[in-house]
Amino acid sequence: MVKVEAQVLSPFYLSIRTPRFVRIDAPIWQFILRADVDGLREQFKSGEASVHDVDEDGNTVLHCAHQTWFRSRYSNSGQVKASCDMIEFLADTGADPEFAMGQQ
């Protein structure tokens, strides 16, 4: 991810963030699908993944975690809890729920 910030003699500043596109077969997506917070945390620590990564369709890690939670709602409660923990971890790590790729 590239982040550029500039401040011009005012209390306002400009921040531009570009996401990193990550192939759908990258480990980050499997950790999210399994709601494996520890595995994802290790990916973030090693720099192999980022909270700002997006898949080839423009879905962020937070969006994918939410989709995993949505699909697991009617399955066992352990998967639902793990998915909620994943969403909380991503939010605490800086995932932007407002970020979206493509047309609005």
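When the chain is fully extended, how far beyond the present Cα-Cα distance does C84 get from E48, taking 0.36 nm per residue of separation?
Values: separation 36, 0.36 × 36 = 12.96 nm, distance 2.28 nm.
Full extension from C84 to E48 adds 10.7 nm.
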*Using per-residue counts of other Cβ atoms within 10 Å, averaged over each peptide, order 84-95, 51-62 from highest down.*
51-62, 84-95
*asked:* Applying a 10 Å radius around every beta-carbon, put 19-25, 39-45 in order of their mean neighbour count, most first.
replied: 39-45, 19-25
*By how many nm would the segment from T18 to A100 lengthen if fully extended, with 0.36 nm per residue of separation less the alpha-carbon distance?*
28.4 nm
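We did not get these values from a lab; they are worked out from the coordinates using the rules stated. Because the structure is a prediction, the values reported are computed rather than measured. Ideal geometry is used to build each Cβ from the backbone, glycine not excepted, and the neighbour counts take in all protein chains shown.
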